[in-house]
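Notes to accompany the following structure.
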Amino acid sequence: MSARAPTAVDRSEEAPPRASVLRRLGLQRYAILIVFAAMVLAFGLAVPSTFLTIGNLSNILGSQAVLFILVMAVILPTIMGDFVDLSLGSSLGLSAMTLAVLNVQHHVPILLACLAGIGAALVVGLLNVFFVVSFDNNPFIVTLGMMTIVQGIIYVISGDNSVGIVSTGLSDWIFNNEFLSIPLEFYFGLAIFLVVWYVLSFTPVGQKALVTGQSREVARLSGVRVNRQRSWAFIIASVLAGLAGVAYAGTNGTVDPTAGSDLILPAYAAVFLGATAIRPGRINPLGALIAVYFLATGTAGLELLGTQSYIQQIFYGVALVAAITVPKATRGRVFARRRAS
């Protein structure tokens, strides 16, 4: 009796990979909130006398206002498909330094100095439009060059020195005055968030931005003026970076030449981490809001535990890598289940 030839395995009968618990419960979009709650619980149990206090809450909410405004700036070109605008951090620094030099060294009234700082950041945005949009250049390369140029200008106008003390009137309106024990700058950042969130979520401008970011060719065929959309994104982002510079000057009183350069990585970490929440796989302001304060809570907890500052940088880096990796891993499991079915 001849040996029976092995038969091919019918892959259609294989059990599809099991979905994750979060997916089965429909909680995938809230994963970051679940981890957030667990982290608050862990820090609360570890250092209850300092972490679970109104003072710590005020510190977390108020201290991140500058970063949060910068995150709203970063979202705009990113959602249009121009994924990296490295010049926004230096635009923040240029705004803050212009304001400080004019107000402190040349005694320009604080309101005019603030407008000049925002105007300086706007010029950077207009240059980005010219070189990136008009010539269809790679935004990463152009904004990297622009960041370097602007940083050099900051060193020139500051004389490579910190400049302060900025008008106490600005500090009062930004940081010193509080509402419900939280500095006013938090509410300014919240107002900017609400405008960005509403426009991107509930207006035709937001729908056009989404289509442009997904496929510029499809957007063009749909009648969207892609270059106009991208231009406005760069311009408004630069204005928001300028406002973040004003908030920075009001918060710190003294402006360092490196102001803003240390904030661009946390800003992008928050934007991409936020894309894993609420609307997974899509850049969204609400997810970014959650991500900013998720990262802020993590660093605040680590500080209260006595960790070194470099641990906080590692925390930001891990969050950014996870933000990029998790959605792809999730999509991979989805595709695997579809092939199996």
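Values for this structure:
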item	result
Odd one out for residue 316 among (1) at pLDDT below 85; (2) over 24 Å from residue 83 (Cβ atoms); (3) of a type in the set (Phe, Trp, Tyr)	(2)
Count of segment 176-196 residues which are part of a helix (DSSP H, G or I) and open to solvent by 80 Å² or more (accessible area, probe 1.4 Å)	4
Residue within segment 285-307 that is over 15 Å from the mean Cα position of the chain (by Cα), more than 20 Å from residue 193 (Cα to Cα), β-branched (Val, Ile, Thr) and crowded, with 22+ Cβ neighbours inside 10 Å present	no
Total residues in segment 247-263, condition closer than 20 Å to residue 147 by Cβ, open to solvent by 20 Å² or more (accessible area, probe 1.4 Å) and not in a loop (DSSP other than H, G, I, E, B)	1
Every pair of residues 6+ apart whose Cβ atoms lie under 6 Å, when the first sits in segment 78-93 and is under 12 Å from residue 138 (Cα atoms) while the second is of a type in the set (Gly, Ala, Ser)	81/213
Residue identified as over 29 Å from residue 61 (Cα atoms) and hydroxyl-bearing (Ser, Thr, Tyr) among 238, 231	231
Every pair of residues 6+ apart whose Cβ atoms lie under 6 Å, when the first sits in segment 236-262 and is within 11 Å of residue 175 (Cα to Cα) while the second is assigned to a helix (DSSP H, G or I) and polar (S, T, N, Q)	250/171; 253/171
Boolean, residue 209 is over 30 Å from residue 65 (Cβ atoms), part of a helix (DSSP H, G or I) and open to solvent by less than 50 Å² (accessible area, probe 1.4 Å)	no
Lone unmet requirement of (1) open to solvent by 20 Å² or more (accessible area, probe 1.4 Å); (2) assigned to a helix (DSSP H, G or I) for residue 84	(2)
Residue in segment 197-206 that is farthest from residue 289 (Cα to Cα), counting only those that are without any contact (Cβ under 8 Å) to a residue 60 or more places away in the chain and in a helix (DSSP H, G or I)	204
Residue selected from segment 215-231 under the condition more than 23 Å from the chain's Cα centre (by Cα) and assigned to a loop (DSSP other than H, G, I, E, B), by the criterion surrounded by the fewest Cβ atoms within 10 Å (Cβ to Cβ)	223
Residue in segment 273-283 that is in a helix (DSSP H, G or I), hydrophobic (A, V, I, L, M, F, W, C), under 23 Å from residue 199 (Cβ atoms) and in contact with a helix residue (DSSP H, G or I) (Cβ under 9 Å, 6 or more places away or on another chain) present	yes
Subset tally (residues that are polar (S, T, N, Q) and touching a strand residue (DSSP E or B) at 6+ places or on another chain (Cβ under 9 Å)) for segment 57-97	2
Unmet requirement for residue 125, which otherwise passes all of (1) in contact with a strand residue (DSSP E or B) (Cβ under 7 Å, 6 or more places away or on another chain); (2) open to solvent by less than 50 Å² (accessible area, probe 1.4 Å)	(1)
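Residue by residue, here is whether (1) of a type in the set (D, E, K, R); (2) closer than 30 Å to residue 227 by Cβ; (3) modelled with pLDDT under 95; (4) in contact with a Leu (Cβ under 8 Å, 6 or more places away or on another chain) holds:
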| site | (1), (2), (3), (4) |
| --- | --- |
| 52 | no, no, yes, no |
| 86 | no, yes, yes, yes |
| 98 | no, yes, no, no |
| 107 | no, no, yes, no |
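The values are calculated or read from the model by the stated rules, or taken from the named source; none is laboratory data. Quick caveat: nothing in here was measured; it's all calculated off a predicted structure. Reconstructed Cβ throughout: ideal geometry from the backbone, glycine too, with neighbour counts over all protein chains shown. Please note that ligands, DNA and RNA were not included when accessible areas were found on the heavy atoms of the full protein model with its side chains. Shrake-Rupley method; radii C 1.70, N 1.55, O 1.52, S 1.80 Å.
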